[in-house]
Amino acid sequence: MNNAMSQKNIEGWIASQQQSMVDQLMHLSSINSGTGNLEGLATICDEYYQAFAPLSDSIEVLESKSVQRVNHLGQANFENYGKIISCVKREDAPIQILLVGHMDTVFPKDYHFQSPKIVDESIIHGPGVADMKGGILVMLNALRAFEQVQTDNQLGWRVILNSDEETGSHGSADLLSSAAKNAHAGLIYEPALADGTLVGARKGSGNFTLTVHGIAAHAGREISKGRNAILLMSEAAQTIASLSDAKRGITVNVARVTGGTVFNVVPDQAVCQFNIRCETTGDQQSLAAKLDKIVQELSAREGYSAVLSGSFSRPPKVITSANKLLMEWVVECGSAIDVEVKFKDTGGCCDGNNLAAAGL
Ligand SMILES: [Zn+2]
């Protein structure tokens, strides 16, 4: 902002938007947009399109990439994630800022929590209210405010709203990465921590599915011919869990195991899904190598084979000197309006991990 007068005016304008933002948030929260609810996501996409179009020089709706993933039953399926909004303003300006949000929430359409409720004048409970329908409204109104005071055309922006953040942004990762390479700074509108602290560094994270194949056999007549996939998986799950290292900030969560059919058949398949998080790219590489080794050893057992799918789709977000500078600017902006801004590291991931990995 160029002078104190325009800052004062714009603060007044922002304050005047509060009721309409609350109304809009209640409306958006009442539309289910759980990841994979393509109908709900299309509806919410239309809402955001109408909201961002008047601000943008151009706006387009793209399709997420369809990605093949292995489910908890060991079946490989192509997953569709829905639409992505991409809009730009002054794309030829010398400074380019990338603003990213996600339209999806963690609440499926058959989940009991569907309707927002105003608890008191500072709290609204509702699906996606904080993560991140509220965040996108903050982004939208910050841009509306900015466009009223910017006069020198030096700063351009691009907004990307994806539909698959809550499951790892597999269908939008390529777009985010290429957009990050063309921007000078990026901001993600994820919620703050419970006390209002913003997030600094984030751990990297990977979701994996291990499938072990054995040999089916009748439990009574020929059990010795069978190779029990569940028993081998139980060993494998312990080995994978032992990759945790609290001192290095490495966590492993064995999240789901399936396998077997009926009492009298030796199970020939078991599937284990797990999540691994770590703080550095070096640890991520060495964990990937350890997982490969575990799979090789499982496959070397007589009568067995093992296949691992998945990857570290969220690289660690390590705070670079450039990130630090941006964080200092955020603190400075906060103090200009008497808001104390603090940062803290977290084990949670978001699209900020992907933008940082692309060099932003
Ligand atoms: Zn989020």
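Structure data summary
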quantity: DSSP-loop GluC sites (Glu not before Pro) across region 315-346, with at most 11 other Cβ within 10 angstrom; calculated: E340
quantity: Within the chain, longest stretch clear of exposed chymotrypsin sites (Phe, Trp or Tyr not before Pro) (DSSP loop, no more than 14 other Cβ within 10 Å); calculated: 114-262
quantity: Cβ-Cβ FRET estimate between T197 and A76, R0 fixed at 45 Å, reported to 0.05; calculated: 0.65
quantity: I223-S115 pseudo-label distance in nm [points 7 Å out on the Cα-to-Cβ vector]; calculated: 5.5
quantity: Largest to smallest accessible area among D245, D164, D110 [probe 1.4 Å]; calculated: D110, D245, D164
quantity: Taking region 275-360 and dividing mean pair separation by its residue count, relative contact order in percent (alpha carbons under 8 Å, at least six apart); calculated: 31
quantity: Helical mean residue ellipticity (222 nm; -39500 (n - 2.57) per DSSP H run of 4+; nearest 500) of the chain; calculated: -10500 deg cm²/dmol
quantity: Virtual spin-label span in nm between N275 and S335, 7 Å along Cα→Cβ; calculated: 3.6
quantity: Pairs from K83/K133; K89/K181; K324/K344; K247/K324; K203/K293; K317/K344 whose Cα-Cα separation, in the structure shown, is over 20 Å; calculated: K247/K324; K203/K293
quantity: Accessible area of region 204-314 belonging to carbon and sulfur atoms, whole % at 1.4 Å probe; calculated: 52
quantity: Residue with peak Gaussian network fluctuation, the chain [Cα springs, cutoff 10 Å], from I319, I14, I337; calculated: I337
quantity: Accessible area (Å², per residue) of region 204-314, counting only protein heavy atoms and a probe of 1.4 Å; calculated: 53
quantity: Zone residues, region 200-237, relative to S305, backbone N less than 20 Å from point 7 Å out along Cα-to-Cβ; calculated: 209-217, 225-234, 236
quantity: I123/D23 FRET efficiency (R0 25 Å; Cβ-Cβ; nearest 0.05); calculated: 0.95
quantity: Residue of P316, P127, P116 that the Gaussian network model of the chain assigns the largest fluctuation, springs spanning Cα pairs under 10 Å; calculated: P116
quantity: Listed residues C333, C87, C350, most fluctuating in the chain (Gaussian network, C-alpha, under 10 Å); calculated: C333
quantity: Carbon + sulfur, % of accessible area of region 55-194 - ligands and nucleic acids excluded, 1.4 Å; calculated: 52
quantity: Stretchable slack from S178 to A241, in nm (0.36 nm times residue separation minus alpha-carbon distance); calculated: 19.2 nm
quantity: Set of region 130-169 residues, backbone N closer than 18 Å to the point 7 Å along the Cα-Cβ line of I14; calculated: 134-151
quantity: Solvent-accessible area per residue, Å², over region 1-105 with all protein chains present [probe radius 1.4 Å]; calculated: 52
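The values are calculated or read from the model by the stated rules, or taken from the named source; none is laboratory data. Note that the structure is predicted; figures quoted are calculated from it, not measured. Cβ: placed from backbone, ideal geometry, glycine included. Neighbour counts: every protein chain shown. Heavy atoms of the whole protein, side chains included, go into the accessibility calculation; ligands, DNA and RNA do not. Shrake-Rupley method; radii C 1.70, N 1.55, O 1.52, S 1.80 Å.
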